[in-house]
Amino acid sequence: MKIPVDVSVVHEGERIRKEDMYVELGGPKVSSKGELVRVRKPGEIRDGNVEVEGPDFDKLKEGGRYPFAIFVEVAGKNVEEDLEAVIERRIHDYCNYVEGFMHLNQRYDIWCRLSKKSYERGFNTLKYLGQALITLFKAELPIIEKIQVTFITDEKKVEAFVNDARKIYEARDARARALSEEEVDTFYGCVLCQSFAPTHFCVITPDRISLCGSINWFDGRAAARVDPKGPNFAIPKGELIDEVNGEYSGVNKVVKERSQGETERFYLHSIFNFPHTSCGCFESIAFYIPEVDGVGVVHRDYIGETVLGVPFSTLATQTGGGKQVEGFLGMAIEYMRSPKFLQADGGWNRMVWLPKSVKERVIDDIPAELRDKIATEEDATDIAALKGFLKERGHPVVERWREVEAVEVPELEVMPVGAPGGIKIILQNAKIHAEKVIIKKIK
Ligand code: SF4
């Protein structure tokens, strides 16, 4: 079967805009979507087989958006269940090698597009995509001896598939929840996203799943064992420098090496000072809200504006790209379940706003006394409303406002450098809260 478009790493990073797409599969406007890899016994796999359950590309209406699932089954004598999540993450890369096909995100959140150009060149069946995946998986991961791929576009079948897949994601994450950073001497790194964000890499610990949410500590360990020179690698954690911020000497050493010297330190559990970098695959963003001295969270599927008055996409531009951006952190929703979740910043005591659907997902992990004190879009859509809500509910951040109000700030006169008697003031790592700033003309 000859694929009518090019398949190569050069197409990675290609974005397909709405006006150029033939169809969209999954994505924020479709409720059912997902992808999953399962390890099978060799006899259970028809090696090289591709199935399409539901209408194929040539039966889908141009410009339409459809439910979508990608199911990959693999076998091989060295392929263990522990590797499923890591193999699954490669679906993203390999789909993006296909000219005119875009794949974003992971797990229950995938978002794909086929370009008009590729469709017109004859890419009219998902079988071509399956063929490309099979060839790439076998070439790049030779431990895979047998592989079959099923694509699902039938709405009911996608729904059932995603319901089952969610149980498997949950079981993977629950396993990692039982461990803590203190119980291991090795963390794991991932550089898969350096093709998009060359200075970013993920540090994965038992208390901190990767920011895309698809690789936990066990997955990182399994991948590093079978392919130590691959994108997942071991990080000896070294000395604990700062328990609260989550700073380790071994992590800092690797941060410097793997970020090409761009970043020198990571605080694993804070959004301030030296936060973990973010690529572009994060499931959600934690953002500082200076007006209330609290932290908000928004996830990728949230439609509309956050309490800051900007949507997820605007915050994502600010957060991503592999730079360390104080006050912004790309993260997985699963990280909100970690006992070390932003512990240096106050953890849940600092959380003031998040979308209702995220709150519902993590409600059991929010301390009971805080559940009705954290606002959603139903309680506050701007800062003034948020302030009122937090005050009325007695959120712990309100205490922080009182502390700031209690500090008396002496009047300070600053004159520009070069002016007679002028001085230069350099404030490093300082946060300034001022009731008013008066700028006077120098006579
Ligand atoms: S977000 Fe992190 S863990 Fe996930 S693929 Fe990218 S680098 Fe790897």
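Assorted remarks:
- Only listed residue being part of a strand (DSSP E or B), buried (at least 20 other Cβ atoms within 10 Å of the Cβ), away from the ligand (no atom under 13 Å from the Cβ) and aliphatic (A, V, I, L, M), chosen from Val292, Val298, Val307: Val298
- For region 109-131, the criterion of a residue being assigned to a helix (DSSP H, G or I), among the hydrophobic types (A, V, I, L, M, F, W, C) and either within 16 Å of the ligand (Cβ to nearest atom) or closer than 11 Å to Ile3 by Cβ (or both) is satisfied by at least one position.
- Within region 214-236, being assigned to a strand (DSSP E or B) and near the ligand (Cβ under 9 Å from one of its atoms) holds for one residue alone: Asn232.
- Residue count for region 6-30, restricted to those that are of a type in the set (Ser, Thr, Tyr) and within 19 Å of the chain's Cα centre (by Cα): 0
- Residue ID - modelled with the highest pLDDT, chosen from residues in region 162-197 that are within 12 Å of the ligand (Cβ to nearest atom) and either out of contact with any Ser or Thr (no Cβ under 9 Å at 6 or more places or on another chain) or among the aliphatic types (A, V, I, L, M) (or both): Gly189
- Count of region 268-285 residues, restricted to those that are more than 14 Å from the ligand (Cβ to nearest atom) and surrounded by fewer than 21 Cβ atoms within 10 Å (Cβ to Cβ), is 3.
- Flag for Leu211 being under 18 Å from the mean Cα position of the chain (by Cα), in a loop (DSSP other than H, G, I, E, B) and either surrounded by fewer than 22 Cβ atoms within 10 Å (Cβ to Cβ) or within 12 Å of the ligand (Cβ to nearest atom) (or both): yes
- Number of the exception - Ile303 against (1) modelled with pLDDT under 95; (2) closer than 27 Å to Ser195 by Cβ; (3) of a type outside the set (D, E, K, R): (2)
- Some residue of region 259-267 being within 16 Å of the chain's Cα centre (by Cα), within 16 Å of the ligand (Cβ to nearest atom), at pLDDT 95 or above and buried (at least 21 other Cβ atoms within 10 Å of the Cβ): no
The values are calculated or read from the model by the stated rules, or taken from the named source; none is laboratory data. The structure presented is a predicted model; accordingly, all values stated were derived computationally and were not measured. Ideal geometry is used to build each Cβ from the backbone, glycine not excepted, and the neighbour counts take in all protein chains shown.
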